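Nothing in this text is a laboratory measurement; each read-out follows from the coordinates by a stated rule. Keep in mind that this is a model prediction, so the values were computed, not measured. Reconstructed Cβ throughout: ideal geometry from the backbone, glycine too, with neighbour counts over all protein chains shown.
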Protein chains: 2
Amino acid sequence: MVNMFENAVIREILEKYKRLWAIGHSMALMGWDNETYMPPKGSEERGYAIAEMSTLYQEMLLNESFVQLVEKGKNQENLNDYEKGVVRVLDREISILKKIPPSLVYEMSKTSEEAFHAWKLAREKNDFSIFSPYLEKIIKLNIEKAERLGYENEPYDALLDLFEEGLRTKDIIGIFDNLRSNLRSLLDKVISQKYYYFNSPLEGIKYEREKMEKVNNEVLNLLNFPWDRARLDVSPHPFTQGMGINDVRITTRYEGYDFKRSLFSVIHEFGHATYELQIDENLKMTPIGGGVSLGIHESQSRFWENIIGRSYQFTQVIKPILDKHLDFTKGYSEEDLYRYFAMVKPSLIRTEADELTYNFHILLRFELERLMLKGEVKVNDLPEIWNQYMEDLLGIRPKSYSEGILQDVHWSHGDLGYFPTYTLGNIVAAQVRNSLLKSISLYDLILEKKFNDIKASLRELIHKYGSTYRPKDLLLMKLGESYNQEYLINYLREKYLKI
Amino acid sequence: MVNMFENAVIREILEKYKRLWAIGHSMALMGWDNETYMPPKGSEERGYAIAEMSTLYQEMLLNESFVQLVEKGKNQENLNDYEKGVVRVLDREISILKKIPPSLVYEMSKTSEEAFHAWKLAREKNDFSIFSPYLEKIIKLNIEKAERLGYENEPYDALLDLFEEGLRTKDIIGIFDNLRSNLRSLLDKVISQKYYYFNSPLEGIKYEREKMEKVNNEVLNLLNFPWDRARLDVSPHPFTQGMGINDVRITTRYEGYDFKRSLFSVIHEFGHATYELQIDENLKMTPIGGGVSLGIHESQSRFWENIIGRSYQFTQVIKPILDKHLDFTKGYSEEDLYRYFAMVKPSLIRTEADELTYNFHILLRFELERLMLKGEVKVNDLPEIWNQYMEDLLGIRPKSYSEGILQDVHWSHGDLGYFPTYTLGNIVAAQVRNSLLKSISLYDLILEKKFNDIKASLRELIHKYGSTYRPKDLLLMKLGESYNQEYLINYLREKYLKI
């Protein structure tokens, strides 16, 4: 191992941290297994195991002698960037956990357990009143959490910071306001042009799962997915779980029709996985050996899914793979496929949204979460507010709760404040694209299937640092500016106005 | 939960134990994942994680206040059997760990790591001298371990007790001596009769993996394998891993020919899994919620694999399943298949041995292990001693080390003293058979496919108690006597002399 960590105190911290890392590793595996292979009735015992391990992790992190050691680390002079990163991440984690008492953690986890079941039932019966008491409690608990964590201007600041270190609500407001007006006028033009706004017969065509599995595997081969360090499995909701620098696992799902969903899930998760897989190996088993924030992580998945995956060039490159395994694509031209992949259509369901309208779904959720946390709104009014926003933003109105406020699982899990990171991901992905275009011929490389070259650029720009720098500082250092929505707007204009 | 644990001290112990259980659960999952789905390069980080968790487990078990609590539990009056079991198991585990210093644990695990790689290379190159220095060290460390644990007559006692609580070397010697002479004369007769001693063309027939998977799944369905609480996966070496009472996983392998190997692996592991799955649910997450010893566990796998699985009745019942998926079995009668399943043939490789000659392979290993632990033999003489024993026992002689002393992975893992439990398993399986025959019509139930009735009997006889009683005490209580090889000898005579 290259000696990135020379300071004796830091080395002592890292030695002690290995045990925390091991607990995290085992929890990551349990989480992955929950969604992939665990027999259904194993969930009760698994739940106990995860709860015990998570309490153990907290106790060990807050152990007096460890906290003092981290404190000592903070006071060391001449630390290098990696050493500073180690102290920053641990200090932040300790200070967050110190502020949130175990009783609140317990209450949150108990509530979200019950809320999740209520949410599922409420969706099934299309009855918001089954879920609303739990949402009310979740809001109350999140307000308490925000108060305990402390904030500058409003409770939302405290929660947002948990997911995107250093970012404030006012930053999001500025970014989102600008995005809204620009994307709205772009959307109007796209709709009127009718090139990307159309119905493709491909949406309805059924596929055989075995054939789609072959497509996904071959696309991952094309992208040089390192199978000796990574896996692809199946789960109800696609996700990426890193267990370590040499073990990162992604999943997808097979709905049996509209094959782009399964395909772009794979490419999306491939982007997340590539981030984790390209972190400097010297950072493994340290507190900075993972992706730095949800927004930066999402930028990597969106970069691969949208900027690369939904490009004309990528469509050209993968068409032979599609034609080889999915008979029905043979009757469609490259342009047909490209339009199917890049189509724009206002829709009610976030997870089915295209890369342009997706952001409106996030704007809506951000507004509602802020209202909730300000305590300015009655929970029972939320469905109507949701529907009204939807009509204002996209001109369509949910006809049921499951098409509206009950569509996402997130709030039932007890977390408020991380929806914005999805759009931050889209924004940073466009910034990354802009930066790469200065040094490499991105779209030529796609056509030439030189994906390792693209990966190498991303590695140098973002990946290799892990969590060494705050997300904002990383952007400043490597892109010369912080989160900036202009690049996303320009990218989308360029893509969607040029036919 | 039924109140099996009423004593307040025991309840406090169980409450505290939950965390140890959780660590055990996560280690079980990591172990299973290692052999099934982990990407190969994940092994280094996984190794660190397992080492950290195992040290953590030891520290928590030996934590002063926990040890005192268990001590207090020992002194409680009027404990019921389950409460006594909890104290017995924990006290035993604590006293073992107290005697083995962390430095020895570390040395053992480091040596076995290196020894495993040396063993693989030695096998590949058919060069015992690559492995012998490691075996020498493993012997030395096991002698040290035995000395630290203490023993009555010889070092082997100490190690054997780790795997089969309460059993002594002299018990094994008595059992094995009797077994050897009786099975040897039986084997001679079987060979001379040539009914079970023959070559079946089925051994060489190749199968398609997908078809064999269907056979295995359908056989497990026939046995009412509870898929909502259990799984079947694939691994290089078949095994069973319980994560909890509602999550038990088995594996098999597909070599592509000689389909009985894959099939009987599944049935063998099904027997192990059924034991774990039928432990009283009230014992879950307690120290007595798992199988009691390696010997008793093996009795359950052997009961299903040999006594049920290789019976004429079972062959009749599964023939339609075989014929449905494996075209080639259609040309063979029930009797052909039965003889193929039950065939007897002296062979060099333990894992390929039949139910009669298997025990000779164990006798040989037991003798060699005793020699090693007595320090009476030079490591370099072991291959020749092995070969000589093999010739004496089965009349065949290995031509290479990999057919001889290098065939098993076990010693390279650092463990000496548990081979005898394989034959103990065969012995107890026959005792269980004898007991069941008094109360149920075992072979009729097989023909009627009433496997749940057989399971229910095994549950009452053995499974439900988990580790409540010492293995010997369980046998005494439920079968009226301790380990007794007579039933195995009689069962094998009955089976193999009646044509």
- Task: Work through the residues other than residue A:201 whose Cβ is under 15 Å from its Cβ and net out their charges, Lys, Arg +1 and Asp, Glu -1.
- Result: 0
- Task: State the antiparallel share, in %, of DSSP beta bridges confined to the stretch B:169-497, rounding to the nearest 5.
- Result: 50
- Task: Within the stretch B:378-460, list the GluC sites (Glu not before Pro) lying in a DSSP loop whose Cβ has at most 16 other Cβ atoms in a 10 Å radius.
- Result: B:448
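Taking each residue in B:223-234, count the Cβ atoms of any other chain within 10 Å of its Cβ, then average. What number comes out? Walk me through the numbers before you get to the answer.
On the way: counts 0, 0, 0, 2, 3, 4, 4, 3, 4, 0, 1, 0.
The per-residue average across the peptide is 2.
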- In what sequence do B:219, B:234 fall when counting other Cβ within 10 Å, fewest first? B:234, B:219
- Which far-off residues, 5 or more places away or on another chain, put their amide H under 5 Å from the one on residue A:234, with H placed in the peptide plane? A:252
- Take peptides B:181-191, A:127-137 and line them up by average Cβ neighbours within 10 Å, highest first, as a rough protection proxy. A:127-137, B:181-191
- Task: Could you give the size of the charge dipole of the stretch B:8-99 about its Cα centre, using +1 on the Cβ of each K and R and -1 on the Cβ of each D and E, expressed in debye and rounded to the nearest 20?
- Result: 180
- For the stretch B:25-90, just say rounded, prolate or oblate: build the C-alpha gyration tensor, square-root its eigenvalues into a ≥ b ≥ c, call rounded for a/c under 1.5, and beyond that prolate if a/b exceeds b/c, oblate if not. oblate
- Note on the structure: Spelling it out for residue A:257: with amide H atoms placed in the peptide plane at 1.01 Å from N, the residues 5 or more places away or on another chain with amide H under 5 Å from its amide H are A:207
- Message: Can you find, among B:94, B:115, B:435, the residue sitting farthest towards the positive end of the charge dipole of the protein assembly as shown, where Lys and Arg contribute +1 and Asp and Glu -1 at Cβ?
- Response: B:435
- Message: If you only keep lysine pairs separated by 8 or more in sequence, or across chains, how many in the stretch B:8-99 come under 29 Å at the Cα atoms?
- Response: 18
- Message: With +1 on the Cβ of every Lys and Arg and -1 on the Cβ of every Asp and Glu, and nothing else charged, how large is the dipole of the protein assembly as shown about its Cα centre, in debye rounded to the nearest 20?
- Response: 1240
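Apply the a/c threshold of 1.5 to the C-alpha gyration tensor of the stretch A:169-497 and tell me whether it is rounded, prolate or oblate. Show your work: numbers first, answer last.
Working: a/c = 1.43, a/b = 1.11, b/c = 1.29.
Since a/c stays below 1.5, the shape of the stretch A:169-497 is classed as rounded.
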- Query: Check residue A:243: other-chain or 5+ apart residues with amide H under 5 Å from its amide H, H built from backbone geometry?
  - Reply: A:248, A:249
- Item | Among A:404, A:262, A:452 - extreme Cα towards positive end, dipole of the stretch A:169-497, charges at beta-carbon | A:452
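Per residue of B:34-44, how many C-beta atoms from partner chains lie within 10 Å of its own C-beta, taken as a mean? Write out the running numbers ahead of the final one.
Details: counts 0, 0, 1, 9, 6, 12, 5, 9, 13, 2, 6.
So the per-residue partner count for this stretch is 6.
Counting other beta carbons within 10 Å of each Cβ, put A:112, B:400 in order, fewest first.
Values: A:112 20, B:400 14.
Starting with the residue having the fewest Cβ neighbours, the order is B:400, A:112.
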- Would you tell me the mean number of C-beta atoms belonging to other protein chains that fall within 10 Å of each C-beta in B:50-62, as a whole number? 2
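What size of dipole, in debye to the nearest 20, comes out for the stretch B:169-497 about its Cα centre when the only charges are +1 on Lys and Arg C-beta atoms and -1 on Asp and Glu C-beta atoms? Don't jump to the answer; show the numbers that get you there.
On the way: 42 positive and 45 negative charges, 62 e Å.
Here the stretch B:169-497 has a charge dipole of around 300 debye.
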- lysines within cross-link reach of residue A:260: Cα-Cα under 18 Å, excluding same-chain residues under 8 positions apart? A:206, A:211, A:214, A:319, A:324, A:330, A:345
- Query: Is it possible to state the helix-based mean residue ellipticity at 222 nm for chain A, with each DSSP H run of 4+ residues giving -39500 (n - 2.57), the sum divided by total residues, to the nearest 500 deg cm²/dmol? What is it?
  - Reply: -20500 deg cm²/dmol
- Check every DSSP H run in chain A and write down those whose alpha carbon atoms cover 18 angstrom or more along the long axis and whose mean Kyte-Doolittle hydropathy is -0.5 or greater. A:8-36, A:43-61, A:81-99, A:128-149, A:169-193, A:260-277, A:312-325, A:358-374, A:420-439
- Note on the structure: Dipole check, the protein assembly as shown, charges on Cβ (K,R +1; D,E -1), about Cα centroid: among B:474, A:39, A:76 the Cα furthest to the positive pole belongs to A:39
- Task: Calculate the all-directions average of the projected area of the protein assembly as shown's alpha-carbon convex hull, and give it in nm².
- Result: 43.1
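For B:268, A:325, which order do you get if you count the other beta carbons within 10 Å of each Cβ and list the fewest first?
Values: B:268 24, A:325 20.
Fewest-to-most Cβ neighbours within 10 Å comes out as A:325, B:268.
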